[in-house]
Amino acid sequence: MKTTTDDTGAVLSGAEIVVQALCDEGVELVFGYPGGSVLHIYDALFKHGGMRHILVRHEQGAAHAADGYARATGKCGVCLVTSGPGATNAVTGIATAYMDSIPLVVLTGQVPTPVIGSDAFQEVDTVGITRPCVKHNFLVKDVRDLAVTIRKAFHIATTGRPGPVVIDIPKDVTDPSIKIPYYYPRDIQLRSYNPIAKGHPGQIKKAVELMLQATRPIFYIGGGVILGEGSTSLIELVRSSGFPLTSTLMGLGAFPASDRQFIGMLGMHGTYEANMAMHDTDVLIAIGARFDDRVTGRIADFCPHAKIIHIDVDPSSISKNVRVDVPIVGQVASVLADLTQLYQERRTEAQNLTEWWVKIDGWRQLNCLEYDRTSALIKPQFAIETLHQVTNGDLYLTSDVGQHQMFAAQFYPFDKPRRWINSGGLGTMGFGLPAAVGVQLAFPNAPVACVSGEASILMCIQELATCKQYNLPIKILLLNNGYMGMVRQWQELFYESRYSHSYVDALPDFVKLAESFGHVGMRVTQPADLAPALQEAFALQDRLVFLDVVVDPTANVYPMIAAGKGQHEMHLAPGMAERELA
Amino acid sequence: MRHIIAVLLENEAGALSRVAGLFSARGYNIESLTVAPTDDPTLSRMTLVTTGSEEIVEQIKKQLNKLIDTVKLLDLSDGPHIEREMMMVKVRAERPDREELKRLADIFRAKIIDVTDTSYVIELTGASKKLDAFIDAVPEGLLIEVVRSGPTGITRGEKGLTL
Ligand SMILES: Cc1ncc(C[n+]2csc(CCOP(=O)(O)OP(=O)(O)O)c2C)c(N)n1
Ligand SMILES: [Mg+2]
């Protein structure tokens, strides 16, 4: 049964087929939680032992862990959950993966086919509930369809624009007493699904012509560059063109942040220089980015002077929110390779961008991310900068959602793709810790940290037990401001400081909490103590360390473009606006 | 603008709800939607009528194409095509009105397919506008029930929407 040739001659039950097919698919890790409808599969797992099953403590954690694993490795994440509440618990994780186009295969148990539709115990319409938040889903009603459906699911999840695929498997389909010949198809052709690989040469030519004429060009890149393994080609194109580059939250790391041509993240909490350059640009080259509202601000004011080139694997992303002039549909890596070659052929001499860079450097002078470094309180910005120093910039960093996420994006310069792992599209609090579980399991010897807030961390805190069971030495950097900081910031700025229910009262003692799960807890309150504490934490190579860092509760994330405002209408940190005028 | 879009879908359970779900989730207009299996039992053909700006209709088509179950899609409104809808109308047909209703049916080349002492059921096929016109022409107070299939369509000429 452990052989992986196509036709093994094996005769297997549905449960065994599930396990064997995952092995044949090359799956190393399955994140799951058992229950009635998947017990046949769990029994087959017990007997088979071909892959590792990681027992999480909540099905949301299973989906996030599989998602973190997928983001860090580029492989497909896999989870296995039971019917009813198992499936509904996983939905938040599935939707999180869907919004960020992360390849997942989620196996859900279902009640036996004869009782589907009868409101049987732990029955929910999983296919119906997940339909709007998956790339595709299947209900397998016949054991003979099982192997091919699993192959289809992996194919769909990992190709084109990736995304989660759910396979709902009724219990009778995995019945151990019904055995059929097993065959796992290698290649699968779907007549209704053929993602476009190569970009259209005519469109690429038009794009190169626009780039060559540009005097104020800018690259705007997104998570698609990372998902499409386009980082290497991107770096070559950007360096040879000399154009500035800005990235979305999801694209961070695709281009080295320490490179001079990187002018910071754009959008709601982007840098002054990135948003101003976007507003001023004459040729925008968007790559694997989807013109999300957090990036564009008010559409009417988005890049008003620009001709727009858009490279994306998903045709429905083209001209969805913003009309583009030169769409190129194709795999990012392939299109970029073709585009780079043609650009280098057609360009006779380096483009003169001196004036453009003078302008950008002028905006840069504002130093929009500056904060008070003399504060007696730990500033969250300082905490992230210290994390960067202590880890020498070499870290897998997962994040929860809130101010701490934005501070991490602004103050931890990522130089490599797949190192910054956060929920951008759905903004799911609770993502960080289980995602770190997936990353640490993928890279057992790499440093992995999770930056979180005291509100977010409680949403999936149970996964501390998973970390203990599998000895995952994750470092949790809790920026404890005692508030749902991001909510508090909006209330301060847009609701005249009426802090309605954003104060996180009755917090646990996080040090004791970590200890009760068998981990190391530390509390840091003084700026000077932070670096030594982090050093100590990372030196504990086989322990999870939970650092409860008490930070300034009043810190806000700047710059900020309020929802619905134009990209040039930034709120700067207090005191900075005057400097801008001066 | 009004668009009539034909889609060949895998004849799988749930394919229809994916299309319906797409329209409700993204807030697109849908005027009518008809679906039935084709001569190839693995395929269903769906015809849907929608209205929206050119940008929205473009998005609708892209989103429909993105569904894994969509095999092929054609906007019939892009070229010469024939559109047909079937309607059955039940009308009150008492003595004084019977002759006029019969005449009306003849003018529209409709058929009377059920007759009682007090009612007719009239069947009519044609472009949706023609069906609208017939309903308008039925004298006040005589309409009992109207049932329409929703439009289906096919391109003119020898090229077909097939695999
Ligand atoms: C599941 C979920 N519920 C609610 C929100 C809305 N929300 C966004 S940020 C935030 C506050 C997060 O607080 P904390 O984790 O302490 O982070 P901080 O902003 O203080 O750094 C909330 C409630 C969300 N993003 N996700
Ligand atoms: Mg907080």
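Coordinate-derived values only; no laboratory data. As the structure is a computational prediction, the values presented were derived from the model and not from experiment. When we count neighbours, we look across all protein chains shown, and the Cβ atoms used for this are built from the backbone with ideal geometry, even at glycine.
Some notes on this structure:
- Cα coordinate range in the stretch A:11-181, projected on the principal axes (Å, largest first): 39, 34, 30
- Here the protein assembly as shown carries DSSP beta bridges of which approximately 40% are antiparallel, counting only pairs with both residues inside.
- Within chain B, all pairs of alpha-carbon atoms sorted by distance into 10 Å bins from zero give the percentages 10, 34, 27, 20, 10, 1.
- The mean count of C-beta atoms from other chains within 10 Å of the C-beta of residues in B:21-28, rounded to a whole number, is 1.
- Restricted to Cα atoms, the stretch A:380-550 shows a radius of gyration and a Dmax of 15.1, 48 angstrom.
- Base-10 log of normalised Debye intensity for the stretch A:141-201 (one unit scatterer per alpha-carbon) at q = 0.17, 0.29 Å⁻¹: -0.69, -1.30
- Taking packing as the residue-averaged number of other Cβ atoms within 10 angstrom, the listed peptides A:312-321, A:205-214 run from highest to lowest as A:312-321, A:205-214.
- Exercise: per-residue mean of other protein chain Cβ atoms within 10 Å, B:52-65: 2
- Within chain A, helix-based [θ] at 222 nm, where runs of 4 or more DSSP H residues each add -39,500 (n - 2.57), nearest 500: -10500 deg cm²/dmol
- Highest to lowest packing among A:481-492, A:260-271, scored as the average C-beta count within 10 Å: A:260-271, A:481-492
- Relative to the compact-globule estimate of 2.2 N^0.38 Å, the Cα radius of gyration of the stretch B:59-150 comes out at 1.47.
- Percentage, to the nearest whole number, of Cα pairs in the stretch A:201-364 over 25 Å apart: 20 percent
- Modelled spin labels at B:Val146 and A:Val11, positioned 7 Å past Cα toward Cβ, are 6.3 nm from each other.
- From the alpha carbon centroid of the stretch A:121-159 to that of the stretch A:371-402 is 41 Å.
- Stokes-Einstein D (µm²/s) once Rh is taken as the Kirkwood radius of the protein assembly as shown over alpha-carbon pairs, at 20 °C in 1.002 mPa s: 75 µm²/s
- With Cα atoms, 0 to 90° folded angle of helix A:201-213 axis to chain A main axis: 20 degrees
- At q = 0.20, 0.23, 0.30 Å⁻¹, base-10 log of I(q)/I(0) for the stretch A:236-287 (Debye sum, equal scatterers on each alpha carbon): -0.66, -0.89, -1.44
- Full-extension gain in nm, A:Asn445 to A:Ser118, via 0.36 nm per residue minus C-alpha separation: 112.8 nm
- Where labels lie 7 Å past Cα in the beta-carbon direction, separation of A:Gln469 and A:His200 in nm: 5.2 nm
- Within straight-line cross-link reach of A:Lys416, aspartates and glutamates at Cα separation under 13 Å, skipping those fewer than 8 residues along the same chain: A:Glu229, A:Asp259, A:Asp394
- Taking only the Cα atoms of the stretch B:2-78, the radius of gyration and Dmax are 11.5, 35 Å.
- Added length on full extension, which subtracts the Cα-Cα distance from 0.36 nm per residue, A:Gln526 to A:Asp293: 80.1 nm
- Helix axis angle, B:15-25 relative to chain B longest principal axis, alpha carbon, degrees: 90 degrees
- FRET E, pair A:Gln535, A:Val511, Förster distance 25 Å, beta-carbon r, rounded to 0.05: 0.90
- Panel values: the stretch A:291-449, Kirkwood radius from alpha carbon pairs, Stokes-Einstein at 10 °C and 1.306 mPa s, translational diffusion coefficient 81 µm²/s.
- Computed log10 I(q)/I(0) for the stretch A:518-576 at 0.24, 0.25 Å⁻¹: -0.93, -0.99, from the Debye equation with unit scatterers placed on every C-alpha and solvent omitted.
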